[in-house]
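Working notes, beginning with the structure itself.
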Amino acid sequence: MTLIPRLAAGAALAALTLAVGLPTADAQPSGPAGGPSSCFYLNQVDQVRADGDRTIYARVSGRRYYRIDLQSACPGLEGNSTPPVMSAEPTGQVCGPMNLNIRVEGSMCTPRSITPLTDADVAALPKSVRP
């Protein structure tokens with residue numbers, strides 16, 4: 001095989017590998033065993049509700065739910081009618097607690113974990129904390 005066909009074959013293989021390996025813009029990554037994904041974009045968050053001063057529930061894209069557990073009590077979270085302000089650097093995508101920043105009434109609240117919830121988990125939530 002000469003150099004030109006080798007380069008063309010290599011380029012075709014690389015393009016095919018990229019095309020198969022990259023998700024489409026509409027694709028949502030799935031979690032364990034095809035369950036809910038642990039990743040979401042903050043601009044997809046529809047609503048959040050606090051459950052006490054250490055837990056936040058978030059509804060994402062109208063159908064996915066997440067529990068965000070905080071490392072310690074977050075002053076002002078419980079009973080606050082103003083939702084927490086969340087930001088994620090650098091892309092706005094949240095795939096774990098490390099890149100999620102939560103601020104409540106000027107206080108930073110550090111996330112410990114973010115857990116995707118199943119339909120059964122959501123059904124078991126009291127209506128007062130279900131987003």
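What follows draws every value from the coordinates through simple rules; no lab data is involved. On a predicted model such as this, the values are computed, not experimentally measured, just so you know. Every residue, glycine among them, receives a Cβ derived from its backbone with ideal geometry; neighbour counts consider all protein chains shown.
Data for the structure
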{"item": "Residues with amide H under 5 Å from that of ARG130, placed H, sequence gap 5 or more", "result": "none"}
{"item": "Residue-by-residue Karplus 3J(HN,Hα) for the range 53-58, coefficients 6.51, -1.76, 1.60, Hz, glycine and proline x", "result": "10, 10, 9, 10, 10, 10"}
{"item": "DSSP beta bridges in the range 37-124 [antiparallel fraction, %, rounded to 5]", "result": "100"}
{"item": "The range 37-124, relative contact order in percent, only Cα pairs under 8 angstrom and at least six apart counted", "result": "31"}
{"item": "For peptides 82-94, 119-131, sequence by mean Cβ density within 10 Å, most packed first", "result": "82-94, 119-131"}
{"item": "Chain lengthening between LYS127 and GLN93 when straightened (0.36 nm per residue, less Cα-Cα)", "result": "9.5 nm"}
